[in-house]
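Student: Take a look at this one; I'll ask things after.
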Amino acid sequence: MNVPEAAEPVGPDAVSSPAAGPVAGGATGGGPSVGWDLSHVRAGLLTTGALAAVGVPLIWLLLDGRAAAWVLAGLAIVAVFFSVSAYAVAAAGRVSDSLTMPVALGTYVLKIGLLGVLLVALRDEPWVDRRPFGLAIAIGTVAWTVVHARRVWTTQLYYVDPPPR
């Protein structure tokens, strides 16, 4: 069986490039033998920045400054949500692969709960521009999902641990 060589391990706080090679995980539930690749976070943040650079001035011209501010707020919420999840799951994965799913689900429930409380608290406020805010969140979420999908499709990932050398 021809198994590609594993990438060099990265430190606990290092961010590696997708071109660095395969990323192995500890499918046995122990700590991973190779560090977590968080390069998709940088790509997602750059994509969010590009969306903000185009969307904020456009909405400012089409609507007003308040709507543009809500576009920026919506994109910021999406970037924070995805980044917090990625780093929390990577931190859990450095401890044990069996912690990644509970941490992913826990951060998701916590973030959605906080967002729900915020939206309910602000629902009747006249200064909240809900349409640009919601549209920015929807577009930002689709953009981050595309960034994640591209990473999964283009990065060689092991679904089982490679054999020891």
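Student: Could you figure out which of (1) within 30 Å of residue 62 (Cα to Cα); (2) surrounded by 12 or more Cβ atoms within 10 Å (Cβ to Cβ); (3) not basic (Lys, Arg) isn't true of residue 127?
Tutor: With (1) within 30 Å of residue 62 (Cα to Cα); (2) surrounded by 12 or more Cβ atoms within 10 Å (Cβ to Cβ); (3) not basic (Lys, Arg) applied to residue 127, the lone miss is (2).
Student: Could you identify the single residue in 106, 93, 44 that is closer than 30 Å to residue 160 by Cβ, in contact with a His (Cβ under 9 Å, 6 or more places away or on another chain) and assigned to a helix (DSSP H, G or I)? Walk me through it before giving the result.
Tutor: Numbers: 106 fails: in contact with a His (Cβ under 9 Å, 6 or more places away or on another chain); 93 fails: in contact with a His (Cβ under 9 Å, 6 or more places away or on another chain).
Every option except 44 fails the conditions.
Student: Here's another thing I want to ask about it. Is it the case that some residue within the range 106-125 is touching a residue at least 40 places away in the same chain (Cβ under 8 Å) and in contact with a helix residue (DSSP H, G or I) (Cβ under 6 Å, 6 or more places away or on another chain)?
Tutor: Step one: of the range 106-125, the residues touching a residue at least 40 places away in the same chain (Cβ under 8 Å) are none.
No, the range 106-125 has no match at all.
Residues checked against (1) among the β-branched types (Val, Ile, Thr); (2) part of a helix (DSSP H, G or I):
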{"residue": "87", "(1), (2)": "no, yes"}
{"residue": "100", "(1), (2)": "yes, yes"}
{"residue": "110", "(1), (2)": "no, yes"}
{"residue": "119", "(1), (2)": "no, yes"}
{"residue": "128", "(1), (2)": "yes, no"}
{"residue": "131", "(1), (2)": "no, yes"}
{"residue": "138", "(1), (2)": "no, yes"}
{"residue": "150", "(1), (2)": "no, yes"}
{"residue": "165", "(1), (2)": "no, no"}
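All of the numbers you see were taken from the coordinates with simple rules; none came from a lab. Note that the coordinates shown come from a computational prediction; the quantities given were computed from them, not determined experimentally. Please note: Cβ atoms are built from the backbone with ideal geometry, for glycine as well, and neighbour counts cover all protein chains shown.
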